[in-house]
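Undergrad: To start, I am sharing the structure in question, which I have written as structure tokens.
The values are calculated or read from the model by the stated rules, or taken from the named source; none is laboratory data. This one's a predicted model, so the numbers in the text were calculated from it and none came from an experiment. Accessible surface areas use protein heavy atoms only, side chains included; no ligands, DNA or RNA. Shrake-Rupley method; radii C 1.70, N 1.55, O 1.52, S 1.80 Å.
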Amino acid sequence: LKLIVTLIINHSELLAPRAVKFVCEKLKEIMMQESNVRPVAAPVTLVGDVHGQYYDLLELFRIGGNVPETNYLFLGDYVDRGHFSLETISLLACLKLRWPERVTLIRGNHESRTTTMAYGFYAECTAKYKSEEVWKYFTDMFDFMPLTAVIENDIFATHGGLSPSLQTLDQIRVLDRFHEIPLNGPICDLMWGDPNPKAEGFRISSRGAGYIFGRDVVERFLHLNGVRRVVRAHQLCMDGYQELFDKQFITVWSAPNYCYRMRNIASIMEVDTDLSWHFNMFNASPIAERKGLRAPAVLESNEHFNKTDDREDEDEDGQDHFKDSSDDDDSSSTTSSIGIADTTSGDDTE
């Protein structure tokens with residue numbers, strides 16, 4: 001796995017389809033054992049949408065620290081919009097597989113077959129691999145991702161929002177998540193919901209999925225579950241984050257210059273052992289480092305996987321602004337040590 005991660009970070013090659021299948025199958029075994037509400041220990045760094053902005057993801061690791069020295073909780077939307085969704089999800093999947101207790105990946109609304117067919121990941125997979133095979137491996141794995149997380153029984157983390165059908169964490173824990181995101185219902189609400197300071201109760205969202213909700217909904221949920229705040233992603237924040245309702249509801253956005261044009265700042269939220277937090281801000285990776293980038297070749301072989309394949313170029317685009325977790329990334333990346341610590345020792349423990 002260390003070899004695989006190194007090859008991905010090198011950004012010159014993609015994994016062979018057999019390697020992708022191996023990683024996804026092993027990840028499903030791990031995620032199957034994880035709760036719908038995954039417990040996460042502090043300290044931990046929370047990451048919002050990254051949307052295929054691979055080189056900005058490497059910049060994020062440079063700013064926030066390498067795995068496994070830094071624990072990460074990713075809040076979903078790893079693919080679509082950006083040009084490098086395959087590289088992004090391949091790296092995160094390998095890091096999760098190598099350090100399952102150090103990396104948590106919860107599901108976002110874009111970890112879906114229907115959404116990825118509309119917003120770029122499917123097209124990127126078929127362009128780079130000349131087949132939908134790899135897309136199927138990844139989207140099958142998405143079905144196994146936890147829905148939410150809770151940090152030290154104090155901070156509830158989800159991708160989107162809250163649901164009128166889910167009053168307690170125990171109700172989330174008993175949901176059957178191992179399938180495509182439904183078009184409506186509680187799982188859909190967790191993926192698609194948004195806060196609105198002017199709203200009272202739940203209102204139908206203009207997104208066409210999920211609900212808009214106000215302070216009263218948030219405070220009731222916090223009270224019933226004995227947690228102090230909700231942290232989520234899903235909405236573009238021009239300043240990298242947004243704090244609502246006396247900092248009880250926080251949005252983290254981790255894709256700088258979303259869609260390569262929004263010129264927003266990105267952030268990660270670093271939660272300490274005492275549950276205090278701060279935002280670490282960062283801009284898109286330096287443009288100069290992105291010059292001359294070409295489409296990555298498919299990894300033809302290594303000591304574990306022998307497979308010949310082709311190379312293609314990547315293409316995706318984005319749209320959306322404040323509404324949907326979006327893409328915006330212009331990132332260039334730096335060295336091959338970013339994202340993975342230079343360790344030679346064995347397993348990690350949290």
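Undergrad: Which entries in K26/K96; K28/K130; K21/K130; K21/K96 show an alpha-carbon gap greater than 18 Å?
TA: K28/K130
Undergrad: So what are the ³J(HN,Hα) numbers for region 190-199, from phi and the Karplus equation (6.51, -1.76, 1.60; θ = phi - 60°), rounded to whole Hz, Gly and Pro as x?
TA: Each residue of region 190-199 in turn: 4, 7, 10, x, 9, x, 8, x, 8, 8 Hz.
Undergrad: Can you work out the Karplus-derived ³J(HN,Hα) for every residue in region 145-155? Use 6.51 cos²θ - 1.76 cosθ + 1.60 with θ = phi - 60°, whole Hz, and x for glycine or proline.
TA: Calculated HN-Hα couplings, in order: 5, x, 7, 8, 8, 9, 9, 6, 6, 10, 10 Hz.
Undergrad: Take the alpha carbon gyration tensor of region 177-226, find the square roots of its eigenvalues, order them as a ≥ b ≥ c, and report rounded if a/c is under 1.5; if not, report prolate when a/b exceeds b/c, else oblate.
TA: Judged from the Cα gyration tensor, region 177-226 comes out oblate (a/c at least 1.5, b/c at or above a/b).
Undergrad: Work out, step by step, the length gained on full extension between R173 and E152: first 0.36 nm times the residue separation, then minus their alpha carbon distance; give nm to one decimal.
TA: Gain in length upon complete extension: 5.9 nm.
Undergrad: Whole number in Å², please: accessible area per residue of region 42-93, 1.4 Å probe, ligands, DNA and RNA not counted.
TA: Numbers: 690 Å² over 52 residues.
Dividing the accessible area of region 42-93 by its residue count gives 13 Å².
Undergrad: With the other protein chains left in place, how much accessible area per residue, in square angstrom, belongs to region 176-271 at a 1.4 angstrom probe?
TA: 42
Undergrad: Roughly speaking, to the nearest percent, how much of region 23-120's 1.4 Å accessible area is carbon and sulfur?
TA: Looking at region 23-120 in its full context, I get 50 percent from C and S.
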